[in-house]
Amino acid sequence: MEVKGEIYRVAGPVVTITGIKPKMYDVVKVGHEGLMGEVIRIVGDKATVQVYEDTSGIKPGEPVVNTGMSLSVELGPGLLESIYDGIQRPLKVLQEQMGDFIQRGVTANGLDRDRKWDFKPTVSGGDSVKGGDVIGVVQETTNIEHKIMVPPTVSGTVNEIKKGKFTVDETVCVLSDGTELQMMQKWSVREPRPVSKKLMPTKPLITGQRILDGLFPVAKGGTAAIPGPFGSGKTVTQQQLAKWSDTDIVVYIGCGERGNEMADVLNEFPELEDPKTGRPLMERTVLIANTSNMPVAAREASVYTGITIAEYYRDMGYDVSLMADSTSRWAESMREISSRLEEMPGEEGYPAYLSARLSEFYERAGAVHSLAGFDGSITVIGAVSPPGGDFSEPVTQNTLRIVKVFWALDAKLSQRRHFPSINWLSSYSLYTNGLADWFTENVAPDWIYIRDNAMDLLQQESELQEIVQLVGSDALPEDQQLTLEITRMIREYFLQQNAFHPVDTFCPFDKQYKLLKAISKYGEMANAALESGVPMSDIMSVESKDDLAKVKFEEDFEPALNVVLTKMDEEFAKLGGK
Amino acid sequence: MTKEYKTITEVSGPLIFLEKTEPVGFGELVNINLPDGTTKRGQVLDTSAETVVVQVFEGTGGLNSESGVVFTGETIKLSVSKDMLGRILSGAGEPLDGGPRIVPDDRIDVNGASMNPYSRMPPEDFIQTGISTIDGTNTLVRGQKLPIFSGAGLPHNEIALQIARQAKVLGSDEPFAVVFAAMGITNEEAQYFMQDFEKTGALERAVVFLNLADDPAVERLITPRMALTAAEYLAYEHDMHVLVIMTDITNYCEALRQMGAAREEVPGRRGYPGYMYTDLASLYERAGVIKGKKGSVTQFSILTMPGDDITHPIPDLSGYITEGQIVVSRELHRKGIYPPINVLPSLSRLMNSGIGEGKTRDDHKAVSDQMYAMYAEGRDMRGLVAIVGKDALSERDQKILEFADLFEDRFVRQGRDENRHIVDDTLRIAWEILSELPETQLTRIDNKFIDVYHPAHKAKSE
Ligand SMILES: Nc1ncnc2c1ncn2[C@@H]1O[C@H](COP(=O)(O)OP(=O)(O)OP(=O)(O)O)[C@@H](O)[C@H]1O
Ligand SMILES: [Mg+2]
């Protein structure tokens, strides 16, 4: 089956081959060492290959073999708790085989071939099954039941079904036409897995981050982008989402970013508990790490590898969150390869297909009815790293045309250590209205009112600040000075959230609600007092107002808050404001 | 493989084009013998059955079609041995100090392989530099890459040297070494470093690579790779903690741009190659700590921002790769403050893992955040005061305005040889200036820390 060709030219990660007639996107093995690559252009009798490994020392004339397969991932039990490179090679296995530095020419299976899983069939002989149907289950981690599904393109009648311990490549089911099914299936990464129907997202992804849940929520199955200059908090925010979101599965892609950040996740996630299940976070997580110094072609592939794995769990009916940090590095890998191909460059050297690729990727998010009829979702959250922090560049702009939520990071805020440094004036969520019913039912009937009111005040603040810049705050009328004080409280007490504080790092929705309501209560009482003639200085020196600053850090939040609120009532009663 | 080819068909900038060779490997090292008997070195950039493109490190001056080209069959390697310590080498790894060639213990490909993220140990050992604006608010840890972003004429060299002299992990005397890579700096600047190394005895524990301003720009592309290869060797084969100082990253990037232009590549932002991010990452990412290994590689590089512009592609792409940056400010320098580090745009991303209870002190993070918030606000007030006058400020705002001055004068400013202890000096000063603010303004600090460390409370409880 294997036909041999040879290398014609080598220029970095781009290799031209001759002598074989591959199909577009076929995976080929290049050179004596069999480096993995993918056909990305065919011209006459030559084909261009992007190679996923370093090509130093590779010579023209070395052999090339076509595998005839497109770039695929292995799907089955054992994905969770793994860390892969961009082409699904387990980094742990690579380390065992070649030490602490990644050498090339090593192949490693995405799924462990030795490990046995306890397969419990859910169909019997004679049942008819179609693509996506579940034929059995495996307990993959304590809380995740892995459904073994018929590959989307297969259907038939069950002739034989097994039960017991098997490896992922042993046959567990035979259909009457002789088709053998294993627990593992392969899927080409560049092709979305089919679903029966796409649904409108109706539930929020609760993240435990006040500014996100409170002001700019993303829906389960939605899309969000976090653009920001370096050091403004993209990675920390993404990691916070990976840690605390009420999601079943997390796929975290470190795409062209730092090795230490991935090491951090690897270190922390097994220790941290999923707030929903109490189990280590790692048990619901799949990591893809193709760091900035790893080959760019594999960086290009990493995003597809990640989203395909996400789709697979979605098909089982799980809510999956996918974080891609950073989609700009992904776009740059496309640019790098495109320029080696001497393609006609588009805006800022990016290939003309940049925007198509971005929308194809985000389009793979969504809430769906799977082929088997389960409801599952993929929420995609992409970091964007605009050069110079300038959002007018092509990757940010093209992304904003697609995603529904925009969390705009702001260097001015991060420099003063206002975290998360998400700008509350320029960010937006297009899900806010669609999710309003959910919030009213599940948080509190007055939540929307309190939230909108806070947003409104923040808007006013920015206008007042302009005046203050000209005349100083003392020149403002008293009610406006009060507004500035309340918005300061909203910013510092509510919006600011320290990801590294043991308590504050995660804030349940109920706590978010009570905190904002408390601030709003001070606002109401203070305004009433002011109207009934209480001097401004008295209102400002209400102690309970300052006490409110720190209740969010309390382990026992409710009692601490109640103490403050009682004191607030007493203090205002003394002022005679009500 | 010792065959000499005289088939050069074109010489263009730093590139030569050859025809009709045996198959040549990508990235292979090339020797070029000139008619006058000298030899230059180069590297294969593009290789096909018909044409080979070679980039010449020492520049193509004096080269013609009579020159002979020999392909060595291997990629660029550095001869390493522990005897490198105390040696001064050229930017291409040849001895410059009149000493013997390094007797190699090993020969290592200078490009280095990427460290498997799975093998990395998150850096967490606090390095005390004795400088408050670093230790207190932008803490450096072992295995971090933390560059200085500076500008022409600012005292970044002094700061780097002060750090090289003072840096240590408290309570440890594990073997350490300095690897110094000069890229395109002037002879005078290089001398400044060398003299300080000699004076303090640091040279014995240093390996120096010098590519000076008048050395070929192309060589600059391998100098940092040589230096990092030496550093990795000392760290992972000889268990040393290595501090790598590379200066100036900007000169390196200029060389990269020059090469890109010579290759007629489509330029990216401001003429720098589109792959500059990836290229810089292949340097910066070579810092780190490996599980199970004793040594480490910490990078403290100097980068002068063209036009003091932090959004220029060189600092911008660097900032996206490194684990923070220390920003030197012209404004503070003009005010006569040394070290003129502006903490606001500065950042150490690994700070959180290097500080706190058992490392520095439990209140460290909160104190740092509080100072940032107040200093940032205080600086805004300065702008406001210039317009509306001090009297228009509320009492609270006036206090914050004063805090900004105190911060610069007491916390930022320190002596060139002043080696501050993190707890006894840096955090003490921090609390002293914070206690000038009304206590209700200390919203970033847990009450339990205020009770223990605030001078007013401390006095009471003692
Ligand atoms: N929510 C937060 N709470 C506390 N600190 C934060 C928070 N978000 C960000 N930070 C601080 O900001 C630093 C930079 O954040 P982060 O690494 O996420 O930036 P980034 O936008 O990913 O930068 P880059 O583009 O360079 O990767 C962190 O190291 C941390 O100190
Ligand atoms: Mg980041």
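Reported to the nearest whole Å, the Cα centre-to-centre distance from the range B:297-342 to the range B:355-433 is 20. Applying the Kirkwood pairwise sum to the alpha-carbon positions of chain B produces a hydrodynamic radius of 24.0 angstrom.
Counting Cβ atoms of other protein chains within 10 Å of each Cβ in B:117-129 and taking the mean gives 6.
Pairs of alpha-carbon atoms within less than 8 angstrom and 6+ residues apart define the contacts here; what relative contact order does chain A have, in percent? Normalised by residue count, the contact order of chain A is 13 percent. Where the centroid of each part is defined by its Cα atoms, how far is the range A:192-213 from the range A:395-422 in Å? One Cα centre to the other: 20 Å.
Relative to the longest principal axis of the Cα atoms of chain A, the long axis of helix A:259-268 makes an angle of roughly 70 degrees. One chain, two ends: A:E463 and A:R41. Fully extended at 0.36 nm per residue, the span grows by 146.5 nm beyond their Cα-Cα distance. Dividing the mean sequence gap of close Cα pairs (under 8 Å, 6+ apart) by how many residues the range B:103-230 holds gives a relative contact order of 27 percent. Fully extending the segment from A:R401 to A:D437, taken as 0.36 nm per residue of separation minus the present Cα-Cα distance, adds 10.3 nm. Would you mind classifying the range A:354-456 by shape? Square roots of the alpha carbon gyration tensor eigenvalues, ordered a ≥ b ≥ c; an a/c under 1.5 is rounded, otherwise it is prolate if a/b is larger than b/c and oblate if not. Because a/c hits 1.5 or more and a/b fails to exceed b/c, the range A:354-456 counts as oblate.
Scaled against 2.2 N^0.38 Å for its residue count N, the alpha carbon radius of gyration of the range A:453-578 is 1.09. Once you reduce the range B:111-126 and the range B:26-72 to the center of their Cα atoms, the two points are 35 Å from each other. For B:G91, the shell of other residues with beta-carbons less than 15 Å away shows a net charge of -4, using +1 for Lys and Arg and -1 for Asp and Glu. Each Lys or Arg adds one and each Asp or Glu subtracts one; over the other residues with Cβ under 12 Å from the Cβ of A:K220, this totals -2. Rounded to 0.05, the FRET efficiency of the B:T51 and A:Q139 pair, given R0 = 60 Å and the Cβ-Cβ distance, is 0.55.
Taking all Cα-Cα distances within the range A:18-93, those exceeding 21 Å account for 34%. Taking 0.36 nm per residue of separation and subtracting the current Cα-Cα distance, fully stretching the chain between A:S128 and A:D556 would add 148.6 nm.
Computed across the protein assembly as shown, the Kirkwood hydrodynamic radius from all distinct Cα-Cα pairs reaches 30.9 Å. Pairs with C-alpha atoms separated by more than 30 Å, drawn from the list A:K243/B:K168; A:K198/A:K243; B:K20/B:K40; A:K545/B:K399; A:K29/A:K165; A:K130/A:K163, are A:K243/B:K168; A:K29/A:K165. DSSP loop trypsin sites (Lys or Arg not before Pro) in the range A:103-132 with at most 15 other Cβ atoms within 10 Å of their Cβ, which ones? Passing both the DSSP loop test and the Cβ count: A:R113, A:R115, A:K116, A:K130. Are any of the pairs A:K234/B:K335; A:K162/A:K220; A:K412/B:K365 more than 30 Å apart by Cα-Cα distance, and if so, which? Too far apart for the 30 Å limit: A:K234/B:K335; A:K162/A:K220.
Inter-label distance, A:T153 to B:H457: 6.7 nm, where each label sits 7 Å from its Cα along the C-beta direction.
Within a 10 angstrom radius of each residue's Cβ in A:229-236, how many Cβ atoms of other chains show up on average? Whole number is fine. Present the calculation step by step, with values, prior to reporting the outcome.
Numbers: counts 5, 13, 11, 1, 0, 1, 1, 2.
Mean number of neighbouring Cβ atoms from other chains: 4.
At q = 0.15 Å⁻¹ the log10 of I(q)/I(0) for the range B:23-155 amounts to -1.01, computed by Debye summation with a single uniform scatterer per C-alpha, solvent ignored. Of the peptides B:372-378, A:523-529, A:378-384, the order by per-residue mean of other Cβ atoms within 10 Å, starting with the highest, comes out as A:378-384, B:372-378, A:523-529. Among the GluC sites (Glu not before Pro) found in the range A:32-78, those both in a DSSP coil and sparsely packed, with 16 or fewer other Cβ atoms within 10 Å of their Cβ, are A:E33. When only Cα pairs below 8 angstrom with a gap of at least 6 residues are kept, the range B:55-126 shows a relative contact order of 30 percent. For the modelled label position 7 Å from the Cα of A:D569 along Cα-to-Cβ, which residues of the range A:512-544 have backbone nitrogen atoms closer than 19 Å? Output list for this probe position: A:514-529, A:542-544.
Using R0 = 60 Å, the C-beta based FRET efficiency linking A:D446 and A:H32 works out to 0.30. In terms of its C-alpha gyration tensor, chain A has a prolate overall shape, because the principal axis ratio a/c (a ≥ b ≥ c, square roots of the eigenvalues) is not below 1.5 and a/b outweighs b/c.
For A:Q209, neighbours were defined as the other residues whose beta-carbon sits under 14 Å from its Cβ, and their charges (Lys and Arg +1, Asp and Glu -1) total +2. Among the residues of A:403-414, the average count of other protein chain beta-carbon atoms within 10 Å of the residue beta-carbon is 1. Measure nothing but the geometry: give the 0 to 90° angle between the long axis through the Cα atoms of A:234-244 and the longest principal axis through the Cα atoms of chain A, rounded to 10°. With rounding to tens, the tilt is 90 degrees.
Throughout, read-outs are computed from the coordinates displayed, never taken from laboratory work. In this text, all values refer to a predicted model and were calculated from it rather than measured experimentally. All Cβ positions, glycine included, derive from the backbone under ideal geometry; neighbour counts span all protein chains shown.
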